[in-house]
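The structure under discussion appears below in the form of structure tokens.
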Amino acid sequence: MESSERNLEKVFPNGDVYVGIFKGLLPHGKGKYTWSDGTVYDGLWEEGKMTGKGRISWPSGNTYEGDFSGNYLHGFGTFTGSDGSVYRGSWRVNLQHGIGRKKYRNADVYDGSWKEGIREGSGRYAWCNGNMYIGSWKNGKMSGRGVMKWNNGDLFDGRWLNGLRHGTGCYRFSDGSYYFGTWTKGLKDGLGTFYPAKNKQLPSKKPAAERNADKKKRQLVHSSSVTSDRSSRRSVRRSLSEKMSNGLSRTSSQISSRRTASLGEDSVLDDISVDVSRESLSLISLHADDDQSEFLGNGTLAYEREYMQGVLIKERIRSVRGKSIKLKKRCKFHAEEVKMKSCVNVFEHHKSYYLMLNLQLGIRYTVGKITPVPAREVRSSDFGERARIRMYFPKKGSQFTPPHHSVDFYWKDYCPMVFRNLREMFKLSAADYMMSICGDDGLREISSPGKSGSIFYLSGDDRFVIKTLNKSELKVFLRMLPRYYDHVKEHENTLITKFFGLHRIILRHGKKVRFVVMGNMFCTELRIHRRYDLKGSTLGRFTKKDKIDEGTTLKDLDLNYEFHMDKLLREALFEQLSLDCKFLESQHIIDYSLLLGLHFRAPENLTPLLEPPDALRTPENTQNVTDGLKSAGELLIPPRGLLLVTHEPSFVSTEPGPHIRGSTLRAMSVGDKEVDLLLPGTARLRVQLGVNMPAQANRKLRQDESDPAEVELFEVYDVVLYLGIIDILQEYNVRKKLEHTYKSMQSDPMSISVIEPKIYAKRFYSFLEKVFPSVQ
């Protein structure tokens, strides 16, 4: 009887040679296969496929030694490129995937996490010139929280996006000075504070010292590159899967008909990402505090500054106490969580976290239950007391609910069919809704801009805001819901808040927590530099200057601009404001606000004053670099004003956002045609009511503005407006206890915050007419 396993040598007609153990007609066990082009694999086989430990080399000089599975590089192994680059780590189907370390040919080194051949997750990249980045990666670029330290001693700790500083952060200069602020695509953008080093004096109006320090620092950034990820992945997949997957799976004669092309230079895998612990991520960041005592002392000057796309437009000098700065700023930029005051006393320790988990579990259950129901028009019964979905969620799970890591709770979903139709009306799919709120990114708690004591959560993608309601607000909303449904159905351009769901959770001991899910007005394509909550009142409607930062929502008396708009845009705005105010008046609603967001554009004549991005990334700096981390992007300059152009659907995003769904607006300046907003060098945006609306902001000079420490450099700005009506759940008849203030209205009508709905609507509308005056 012939043995099933044989150690033989076989030469194929095309010149390929296999020496090793066969099982039947297939290589099985240890063996060496040499292709006619010079490619050699020496290792283990399983039923005709490379599986187990082995080593393969290509004519180009590339080699791999490690784990194989089904003719793929799969498991743990070391890839050495002919150019001297080395990757050692995890693989999945011919791609770097998992934890790995790569040393590039120019001596750059990346240790971290990879996903399908791309740096993704947490990792550390060390440049050969001494620069180092530790933090998050996405699609092969620095994105998320991260710390960058340059070889000259400068350090940045903050947020990144696509390899550029983007978001809040702290920049520490090597001389000990600091800048806390925000960045957009590598440029300072918005409010920030500069603290000079001890014994350093800076000019009050033109901080040239800081700009010079920035310029020196920016010349020291990355000098490495990344080759194309997509071409790499395609090449690697071809190199083995196309040539080996079928060539050894059937008969030995098929081996000779398959040829293994080389993993050449173009197929070197260049991208990765690793799970670095918080402790290691903080190693560099901790150095940011080393020299803090050098400049923080009694009498230290601080420069409160405001930038627009890298241009300094405003500066205020003040004296500060060093101790308070150290504590405040470290807290602000080293943690995103904010301590809250709440009307609900159940959120001590981890209970707020449990509440977020309960909310996600309930919404996932409700949306999953209502989605399969055939679509139909809402009925009066869909608004009634019986239009509820109730469910008990025990921790261990039940026949209808999954087990979870939160506490036991009861769930109630109000009017599920109504909100399902509202989501469809707002062109939001059930999948997108659940992914946004119930996805892996989860929810995060944010501080409340008002005095209601409500708790606010923000979805992981910033599209939705979830707010806690008190019992009276819930009753008002349920009473108003039928009319609200009709109003938003009839008026697609309504500025009133978009609502997506209404829920209640009952925790142990009977504590009830009510939630409403709303669209986030400020989930926008452009950075919001200023936020205003406008009621048309003067009573307490101001913010102390020392309380203002990038995220502060300002009030009526803080607004020192008036906005001039295209005639047709303004007419569309006030036509809808009139309709919305009449609706709210009919529902006896008062105390609502216009939430106004401003995106400022740097004046076009200030290009010479532009501070360069925090990293010079011109193609000329990297054209000769062919490996390592490539310095992507280009030197950014501010756009030249705002341009309205004829609407082209193929050039702009027409997908409805969480706070928009109306039609494209028309503008007189382009001949009564639908328009897009063109920001040269930045973006082209669809203009809708309350979204991407261009205007000119004229600063109103006040006689009481005589602070010599504050310098406002310009009086007129191009701005992009975002606006909507919020806080629509306060009913007049629940505020009668303040009716005694009505009498004082005769002396100062603007000082009254609680008045009849008709008078409130009129005052609100009149105030906005002054904020957005008509152009004669």
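The values are calculated or read from the model by the stated rules, or taken from the named source; none is laboratory data. Keep in mind that what you see is a predicted model, and the values were worked out from it rather than measured. Using ideal geometry, Cβ is built from the backbone for each residue, glycine included, and neighbour counts are taken over all protein chains shown. With ligands, DNA and RNA removed, areas are computed over all heavy atoms of the protein, side chains included. Shrake-Rupley method; radii C 1.70, N 1.55, O 1.52, S 1.80 Å.
What pairs can you find where one residue is in region 40-56 and within 9 Å of Pro27 (Cβ to Cβ), the other is outside any strand (DSSP E or B) and basic (Lys, Arg), and their Cβ atoms are less than 9 Å apart, with a gap of 6+ or different chains?
Sorted first by the residue in region 40-56, then by its partner, the pairs are Gly48/Arg250.
In region 70-79, how many are in a strand (DSSP E or B) and either open to solvent by less than 50 Å² (accessible area, probe 1.4 Å) or in contact (Cβ under 8 Å) with a residue 60 or more places away in the chain (or both)?
First pass over region 70-79, keeping only residues in a strand (DSSP E or B): 72-79.
Then keep just the ones that are either open to solvent by less than 50 Å² (accessible area, probe 1.4 Å) or in contact (Cβ under 8 Å) with a residue 60 or more places away in the chain (or both); that gives 72-73, 75, 77-79.
So the count comes out to 6.
Whether any residue in region 15-26 is closer than 22 Å to Val93 by Cβ, in a loop (DSSP other than H, G, I, E, B) and within 55 Å of the chain's Cα centre (by Cα) is what I want to check.
no
Any idea which residue in region 107-127 is nearest to Met142 (Cα to Cα), counting only those that are surrounded by fewer than 20 Cβ atoms within 10 Å (Cβ to Cβ) and at pLDDT 95 or above?
Ala126
Applying the selection to region 357-408, what residues are closer than 19 Å to His503 by Cα, in a loop (DSSP other than H, G, I, E, B) and open to solvent by 100 Å² or more (accessible area, probe 1.4 Å)?
Glu385, Arg386, Phe400, listed by residue number.
Does region 10-32 contain at least one residue that is touching a residue at least 60 places away in the same chain (Cβ under 8 Å), buried (at least 21 other Cβ atoms within 10 Å of the Cβ) and under 30 Å from Tyr104 (Cα atoms)?
no
Filter region 504-530 down to the residues that are open to solvent by 50 Å² or more (accessible area, probe 1.4 Å) and within 23 Å of the chain's Cα centre (by Cα), then identify the one that is nearest to Gly597 (Cα to Cα).
Pass one, region 504-530, residues open to solvent by 50 Å² or more (accessible area, probe 1.4 Å): 508-509, 511-512, 525, 527.
With within 23 Å of the chain's Cα centre (by Cα) added as a condition, the list becomes 525, 527.
Working: Glu525: 12, Arg527: 9 Å.
Restricting to residues being open to solvent by 50 Å² or more (accessible area, probe 1.4 Å) and within 23 Å of the chain's Cα centre (by Cα), the top hit is Arg527.
Report every pair of residues separated by at least 6 positions or lying on different chains whose Cβ atoms are under 7 Å apart, first residue within region 365-376 and free of Cβ contacts under 8 Å to residues at least 40 places away in the same chain, second open to solvent by less than 40 Å² (accessible area, probe 1.4 Å) and among the basic types (Lys, Arg).
From residues that are free of Cβ contacts under 8 Å to residues at least 40 places away in the same chain, there are no pairs.
Being under 31 Å from the mean Cα position of the chain (by Cα), among the β-branched types (Val, Ile, Thr) and outside any loop (DSSP other than H, G, I, E, B) is the filter here; which residues of region 464-503 pass it?
Val465, Ile466, Thr468, Val488, Ile496
Given the residues Lys555, Lys547, which is the only one that is closer than 30 Å to Gly501 by Cα and open to solvent by 20 Å² or more (accessible area, probe 1.4 Å)? Steps first, answer last, please.
Details: Lys547 fails: closer than 30 Å to Gly501 by Cα.
Criteria check complete, one pass: Lys555.
Checking the condition assigned to a helix (DSSP H, G or I), among the small types (Gly, Ala, Ser), open to solvent by 20 Å² or more (accessible area, probe 1.4 Å) and modelled with pLDDT of 55 or more, which residue from Ser744, Ser774, Ser766 passes?
On the way: Ser744 fails: modelled with pLDDT of 55 or more; Ser774 fails: assigned to a helix (DSSP H, G or I).
Sole residue among the options that is assigned to a helix (DSSP H, G or I), among the small types (Gly, Ala, Ser), open to solvent by 20 Å² or more (accessible area, probe 1.4 Å) and modelled with pLDDT of 55 or more: Ser766.
Counting only residues that are at pLDDT 90 or above and among the charged types (D, E, K, R), give me the strands (runs of 3 or more DSSP E) lying completely in region 648-701 with at least 1 of them.
It comes to 673-679, 683-686.
Working only within region 132-170, note down all residues that are open to solvent by less than 10 Å² (accessible area, probe 1.4 Å), in contact with an Asp or Glu (Cβ under 7 Å, 6 or more places away or on another chain) and not hydrophobic (A, V, I, L, M, F, W, C).
Across region 132-170, the qualifying residues are Gly140, Arg165, Gly169.
Output the residues belonging to region 443-467 that are modelled with pLDDT of 90 or more and open to solvent by 30 Å² or more (accessible area, probe 1.4 Å).
Arg463
Name the pairs whose Cβ atoms lie under 9 Å apart, with the first residue in region 398-419 and closer than 18 Å to Tyr354 by Cβ, the second of a type in the set (S, T, N, Q) and open to solvent by less than 60 Å² (accessible area, probe 1.4 Å), and 6 or more positions between them or separate chains?
Partner pairs satisfying both residue conditions: His404/Asn358; Ser406/Asn358; Val407/Asn358; Phe409/Asn358; Trp411/Asn358; Trp411/Thr366; Trp411/Thr401.
List the number of the failed condition for Lys582; all other conditions in (1) open to solvent by less than 20 Å² (accessible area, probe 1.4 Å); (2) among the charged types (D, E, K, R); (3) at pLDDT 90 or above hold.
(1)
Counting only residues that are hydrophobic (A, V, I, L, M, F, W, C) and in a helix (DSSP H, G or I), which one in region 585-613 is modelled with the highest pLDDT?
Here is the first cut: in region 585-613, the residues hydrophobic (A, V, I, L, M, F, W, C) are 589-590, 594-596, 598, 600, 602, 606, 609-610.
Checking which are in a helix (DSSP H, G or I) leaves us with 606, 609.
Details: Leu606: 51, Leu609: 46.
Among those residues, the one meeting the criterion is Leu606.
For region 563-573, how many residues are among the acidic types (Asp, Glu) and out of contact with any helix residue (DSSP H, G or I) (no Cβ under 6 Å at 6 or more places or on another chain)?
Residues of region 563-573 among the acidic types (Asp, Glu): 566, 571.
Still in the running and out of contact with any helix residue (DSSP H, G or I) (no Cβ under 6 Å at 6 or more places or on another chain): 571.
The total comes to 1.
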